[in-house]
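J.: Quick one: this structure, given as structure tokens, is what I'll be asking you about.
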Amino acid sequence: MATALSYPQKALHKLGLVRDIDLALHLPLRYEDETRISHLRDAREGELLQIEATVTACQVIARPRRQLLVTVDDGSDACVLRFFTYYPSMQKALAVGARLRIRGEVRGGRAGWTMMHPTFKAAGGELPKALTPVYPTVAGLPQAYLRKAVLGGLARADLSDTFPTGDTAWKVAWSGWGLRDALSFLHQPASDEALAALEDRSHPAWQRLKAEELLAQQLSQLQAKRGRDALQAPRLQPSPCAAGEVGLAEKLLAALPFALTAAQRRVNTEIAHDLTRAVPMHRLLQGDVGSGKTVLAALAAALCIDAGWQCALMAPTEILAQQHFSKLIAWLEPLGIRTAWLTGSQKTKERRAMLALIASGEAALVVGTHAVIQDKVQFRNLALAIIDEQHRFGVAQRLALRNKMNLTSESSPGGGRVAKVANDKHEQDEAGAQLHPHLLMMTATPIPRTLAMSYYADLEVSTLDELPPGRTPIITKLVHDRRRDQVIERIRAQITQGRQVYWVCPLIEESESLDLANATQTHLELSAALRDPVAPVTVGLLHSRMSTGEKRAVMSQFTAGQLQVLVSTTVIEVGVDVPNASLMIVEHAERFGLSQLHQLRGRVGRGAAASACVLLYSTGDAPRLAETARERLKAMVDTGDGFEIARRDLEIRGPGEFLGARQSGAALLRFADLNTDTALLEWARIMAPKMLDQYPELARRHIDRWLGGKAEYLKA
Ligand code: ADP
Ligand code: MG
């Protein structure tokens, strides 16, 4: 019979500490040394001390603040203990003459030592032999309870080694500690251990844990990848009737007003090659803002459509989807490709018409927002799904897109039959195996190498490392908000030259209305400041509260050059492409993340004109900017290279931000640090395939031990 969980047990579950192994792997944040009694005489300012002393005075004083003051003497010096909150029972325990063991931070130096709210108990009693671990915890879960639970878990858990330690090749590659030893040690290190090596996690016991964790991550990704490689996808080869003719992709290339860069040609070949294989593509295309990813999406779509299949392109925002839509229409419709458009804000009638086009297969290309993956949408034969700004989408959404293709090879266009849609994912047609679509994910947030090697190890990665020619580098300036007037002068100068300007207002967390007020205010201010009777200046406003239609109208006015300045909240963050815009002002730049600033900056410098980005910052009431904000802004001025920016961002913020939705599925690394543990990461990357091939049972146990049920998410 199941018994109800106690409160601390619930808290344990909240921390994910369910299995014995979870408890055993819950490692201390730091340690306290309770193995020794120190003397006040030897104390240093700020030191955490354990002393044994006798109470010489105990009184409550009312001013300046009510508190309990207890004076103790350990024979070498005296110390005052201060308690701002206290209970009557404490006064009894702290009565004059009592002998106590006291732990706390000493302050005050020569003026006389004090401890604020030290912990205390009766003196005497045995001293622990090991350092006392302090665990990460949550409210309602006392350290003492957690310690006991962890030690229990440690004793019960199966800690048999999953590294094939009997294998000599492994022995050479891994000469470190065993798992059981490492864990026992980390939970109860001997008192004479160097605390520094424990706390900065360079100790060999820590190395073992990090190696375990990184290996688990590599194994699970490799497994996910191999699982996918066993699936079938349609080979996207030109349909037989088109043989001899020039393919759609070639036609598109010939019609483009520019030639592909070398990087684009290389990536195009990589994608095209994947599409001809009978294994689903799972490729991430990363390229800095403006590197020209859209045309590669169009070329992949052309290949897919030429082979007789449907292609879907999904973008995270309506504006971005709209941009793609108009660009792709301009490129593909002249080639006779029919395109459908799907968004959440569509009128029912229009949507119904689009759904019919998609279901019948008349629309070979479908562009849209999340609306593309809704249940109602039925493709005739989807073979390629392209996701722009992939980190904006969740795992569930990517899975949904993948599952849009519940088709069997029966529906292959070569067969000339009407698509047979399998309702049950597992249903298989006797004539053909279940087919899965190819997936191309695009991102303008470059992924630092170590991150690509770890969290994205299951993906093929293509990189556009070259910008199209004719771009002038963007000059970035930091300007204090006090000098706003100069910035407005700059805007005027750009407008006089016929250029356009973006002014981005920050998103104020949790307050859309403040946000709006701020953008509206700036809009008024700029409209007034730029008023010119001779050459009228029009300032537009774009914010998240506007209807899609309104947004679209403003965007197209700006694109058409009818607005000289566009004030907006961060809705323009991704993908917007107006080559005539040459100046970007970001207000309260200190509130933005580094990658976000880089994305924003990428909205200018798209044409031939020299472009600039002004990062307006404000220090508020503080005398200077916070350290991390300063680092971010400095990085922006220092470099325009998206990869360098991403690397610094990883350093400043850790991997969470890069992973977007991926982090909710794949467990974040708890122990290993991608900035410092690159050698171990390399090791894990080499060992994972060997382990999976030679020791599949150990690999299975290893993954299970570390990831439990979480590995599933990696499949998206
Ligand atoms: P992003 O990678 O940020 O999505 P886009 O695909 O929007 O970049 O491309 C940015 C701009 O560069 C677009 O106007 C696009 O038409 C143009 N472009 C793309 N490739 C080339 C090229 N090889 N030569 C010149 N312009 C190009
Ligand atoms: Mg783009």
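The values are calculated or read from the model by the stated rules, or taken from the named source; none is laboratory data. All figures in this text were calculated on a predicted structure; none of them were measured in a lab. Cβ placement follows ideal geometry from the backbone for every residue including glycine, while neighbour counts extend to all protein chains displayed. When the accessible area is computed, the model is the full protein with side chains, heavy atoms only, and any ligands, DNA or RNA have been set aside. Shrake-Rupley method; radii C 1.70, N 1.55, O 1.52, S 1.80 Å.
J.: Sort out which residues of the stretch 144-162 are open to solvent by less than 20 Å² (accessible area, probe 1.4 Å) and among the hydroxyl-bearing types (S, T, Y), and write them in order of number.
T.: Matches in the stretch 144-162: T162 only.
J.: Taking the stretch 471-500, which residues are in contact with a helix residue (DSSP H, G or I) (Cβ under 6 Å, 6 or more places away or on another chain) and not hydrophobic (A, V, I, L, M, F, W, C)?
T.: T476
J.: Just the residues that are of a type in the set (A, V, I, L, M) and loosely packed, with under 13 Cβ neighbours inside 10 Å, please, taken from the stretch 58-84.
T.: V60, I61, A62, listed by residue number.
J.: Would you check which residues across the stretch 334-354 are farther than 24 Å from K551 by Cα and more than 16 Å from ligand 1 (Cβ to nearest atom) and list them?
T.: Scanning the stretch 334-354 gives L335, G336, I337, R338.
J.: What number goes with the only condition from (1) within 16 Å of ligand 1 (Cβ to nearest atom); (2) at positive phi; (3) not aliphatic (A, V, I, L, M) that Q322 does not pass?
T.: Here Q322 meets the rest and fails (2).
J.: For the stretch 222-278, name all the residues that are modelled with pLDDT under 90, open to solvent by 80 Å² or more (accessible area, probe 1.4 Å) and part of a loop (DSSP other than H, G, I, E, B).
T.: Q237, P238, G244, E245, V246
J.: What single numbered condition from (1) open to solvent by less than 10 Å² (accessible area, probe 1.4 Å); (2) under 26 Å from M555 (Cα atoms); (3) at pLDDT 90 or above fails to hold for A302?
T.: (2)
J.: Just name the residue that is surrounded by the fewest Cβ atoms within 10 Å (Cβ to Cβ) out of those in the stretch 374-397 that are at pLDDT 75 or above and closer than 26 Å to A452 by Cβ.
T.: E389
J.: If you don't mind, there's one more thing I want to ask. Looking at (1) closer than 17 Å to L252 by Cβ; (2) away from ligand 2 (no atom under 16 Å from the Cβ); (3) not in a helix (DSSP H, G or I), which is the one condition that is false for L313?
T.: Among (1) closer than 17 Å to L252 by Cβ; (2) away from ligand 2 (no atom under 16 Å from the Cβ); (3) not in a helix (DSSP H, G or I), the lone unmet condition for L313 is (2).
J.: Taking the stretch 330-372 as the search range and keeping residues that are within 16 Å of ligand 2 (Cβ to nearest atom) and in a helix (DSSP H, G or I), which one is nearest to L384 (Cα to Cα)?
T.: The selected residue is W331.
J.: While we're on this one: As an exercise: evaluate R201 against (1) surrounded by 13 or more Cβ atoms within 10 Å (Cβ to Cβ); (2) charged (D, E, K, R); (3) farther than 26 Å from E34 by Cα and give the number of the one condition it does not meet.
T.: (3)
J.: I need a count of the residues in the stretch 105-143 that are open to solvent by 20 Å² or more (accessible area, probe 1.4 Å) and over 13 Å from A11 (Cβ atoms).
T.: 23
J.: Also: Going by the conditions given, is L154 closer than 23 Å to L198 by Cβ and in a loop (DSSP other than H, G, I, E, B)?
T.: No.
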